[in-house]
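Laboratory data are not the source of any read-out in this text; all were calculated from the coordinates shown. What you see is a predicted model, and the numbers here were worked out from it, not measured in a lab. No Cβ is skipped: glycine too gets one built from the backbone with ideal geometry, and neighbour counts run over all protein chains shown.
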Amino acid sequence: MSELVGRVVSLRTHDEHTIDVANSAVLELFKISRTPDQAFDAFNSVLVFYDVPQCSKAFFDRYFGPDAIRSAEELLNHVRAYQKDAIRLFSTFEHAYEQMNDTLNLSELLAPLAPRKDDKLRTRSNWETIEIIPDDRLPDLGYISAEKARQEHDERELLAAFLREAGEALSQDKSALANYSEKKKRKMDSLLRKFNSNIQHGFLSPLFTPDPDALRREADYLAPKEASDLARMADTQATAQRNLARYLAADHLDVYVATSMRSDADFVSVNNFCLGLFNNPALEPLRLRYFNPTQSWIEDRVAKGLVEALMLKRSAMTLYMAQKSDTFGKDSEASVALGQGKPVIVYVPRLYIPEIDLNTESLGQKSRADLQQLVAREGNDEDKEPDETMDVQALLSRLITIRLNAADDLVLIKAAQNHWADFDLYGEATRIKEEERGQYRSWLDAVVRKRNATPPSPNVRTHLIGILVAAAVGFERRAKTFREQHPLALQVILSTGVLNGILVTRAIDSCAQLVRALIRNEVDSDLEIDDNNYRLVERTTRSTMRVISRHTMIANAFTAFYKRRRAQIALSP
């Protein structure tokens, strides 16, 4: 009874004679076989002893019936089934029981839980109005407008020349920056900031670390564009602005993709994810309308924020792409969507190389003992001796390293081509010794941009494996954080007080299946109970969807204030 109504109930306040009668009624409830009407009457009769309001016939028929009162265990199973529904709609079980039994139309109250047909989606017209911008032109959208680039020609030329000069000087003498005046370096720092350089720390900062190769590459990136480049940029940006108009005027908007794009790799990663997901066989027939931020562009920062706000409002769900680091803006978008009661799916990349049986998603879910056993079996002689100082993360790193070391060059080349954008293999070059970064980047250029199957040198191979391991383990840590600890993991739906949780996926196929299940309202879940909370957990991702606290005062406060607020809204003119 306490589980049913979400508060402590007992017989302690009754006199001994009433308690005897109550206990007899409870025993009889489970002993006698009854018709549905008789079972309903007997159940309600027992509720009186516990000061629990009578349940309605519709409520009893839906969640209990004669089978529920064959035993105490069977009754609890039926209560758990009711709790799985209640936790999706109400902030406390007390309020759920009250509302479900006060309503004149229980089916209407529970309608949001019913499976939905997707016929209307499948019969929509095809949405083929977005002009797809290819990967090699996406960097044009991370740049300023072509017109502004023309105006900045001289300053960009000055900065690019200095970067090349400094790069050459540093290649000869690591202390060469000391030969430049503070005034010169301050001016160059100002230009780096003005043009949104990828160099994070300026020439005057003690944290300035770029190597000569990085400075030369940054010079190429920031240098004034040729007339043909400017014309291409203007054309790409015009296409993206037409796409923006199409997104704003779309007949529907089903999914908003929230992400941050700071580098060329980010643009490619996000675009490949969107195209792979929405062309997946599970989603392609549904003709979904989705906002792909890599295909849209507007220069004004305020206008960009307004567009994103509108997309969040219109969309039915939000997809949050986790990257090496995330921004306040992207976190805010996910929080807003959760607060509106909409599903939020967080996609965290994984390292997946089937040729060597490497799937960091599945490995990341293994216990310490299982990982230790795998390392001992697959590693060298030193690995066979258990090291109790190694935690789960260290064991996972070692196992990934073992399998990558066993891979041939062609497998590593394919892995680099498949993962370079998600794992930002160019940006990770800072992990490498300064004098060896150029060789590593040149190899990446060959296999990623030119698609050549160029075997890596022993040094490059070692660096690539180290970077893949570090990035993969980092993403496994991020996935665990999103599922269990991230501030966004749970947000209160402001209108109802229900706690709405994010869903964490690791592969495009599983993400597509989850999106389809959410659209159809057919997500499978389990009710998990611990000392602190009732949690509704999505079955495939093991992500927490809904929570009701077992803390009595918290439950009381949610019931009181959300119930009061709804009453005030109902009475307001």
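For the chain, the 222 nm mean residue ellipticity estimated from helices alone, with every DSSP H stretch of n ≥ 4 adding -39500 (n - 2.57) and the total spread over all residues, rounds to -16500 deg cm²/dmol.
Note: relative contact order over the chain, using C-alpha pairs below 8 Å and six or more positions apart, is 15 percent.
Taking the charge dipole of segment 426-573 about its Cα centre, with +1 at Lys and Arg Cβ atoms and -1 at Asp and Glu Cβ atoms, the residue from LEU444, THR430, PHE558 reaching farthest to the positive side is PHE558.
Show me 122-130, 257-265 ranked by packing, highest mean number of other Cβ atoms within 10 Å first. All intermediate terms of the calculation are to be shown ahead of the outcome.
Details: 122-130: 11.1, 257-265: 20.4.
Per-residue mean Cβ counts within 10 Å order the peptides as 257-265, 122-130.
Rounded to the nearest 10 degrees, the inclination of helix 508-520 to the longest alpha-carbon principal axis of the chain is 40 degrees.
In summary, the aspartates and glutamates within cross-link reach of LYS31, defined as a Cα separation below 18 angstrom excluding same-chain residues under 8 places away, comprise ASP20, ASP41, ASP67, GLU73, GLU74. With both residues required to sit in the chain, DSSP beta bridges show an antiparallel share near 55%. A simple spin-label model places pseudo-atoms 7 Å from Cα toward Cβ; at GLN241 and GLU3 they are separated by 6.2 nm. Taking Cα atoms only, the orientation of helix 392-405 departs from the longest principal axis of the chain by about 50 degrees. Projecting the Cα positions of GLY329, ILE356, PRO281 onto the charge dipole of segment 243-357 (unit charges on Cβ atoms of Lys, Arg, Asp and Glu, taken about the Cα centre) puts GLY329 furthest along the positive direction. Against the chain, whose longest principal axis is taken from its Cα atoms, helix 552-571 shows a tilt of about 90°. Here segment 153-223 is treated with +1 on each Lys and Arg Cβ and -1 on each Asp and Glu Cβ, and its dipole about the Cα centre works out to around 280 debye. When each of the peptides 469-476, 206-213 is scored by the mean number of other C-beta atoms lying within 10 Å of its residues, the order from highest to lowest reads 469-476, 206-213.
Over segment 153-223, what is the relative contact order in whole percent, taking alpha-carbon pairs under 8 Å and six or more residues apart? The partial results should precede the final answer.
Values: 66 pairs, mean separation 34.2, N = 71.
Value for segment 153-223: 48 percent.
Across segment 415-423, coupling constants 3J(HN,Hα) worked out from phi with the 6.51/-1.76/1.60 Karplus curve, θ = phi - 60°, read 4, 5, 5, 7, 10, 4, 6, 4, 8 Hz, and Gly and Pro carry x. Database remark: amide H of SER543 closer than 5 angstrom to the amide H of VAL504, GLU538 (H placed geometrically; neighbours at sequence offset of 5 or more, or on other chains; Pro and chain starts carry no H).
Summing Cβ point charges (Lys, Arg +1; Asp, Glu -1) relative to the Cα centre of the chain gives a dipole of roughly 1420 debye.
Summarising the overall dimensions of the chain from its C-alpha atoms, the Rg and Dmax are 29.9, 98 angstrom.
How would VAL79, VAL346 line up from fewest to most surrounding beta-carbon atoms within 10 angstrom?
On the way: VAL79 19, VAL346 27.
Ascending number of Cβ neighbours within 10 Å: VAL79, VAL346.
Between segment 414-471 and segment 171-226, how far is it from one alpha carbon centroid to the other, in angstrom? One Cα centre to the other: 23 Å.
Going from the residue with the fewest nearby Cβ atoms within 10 Å to the one with the most, ARG520, ARG437 rank ARG520, ARG437. The spacing between segment 86-110 and segment 34-70, judged by their C-alpha centroids, is 16 Å.
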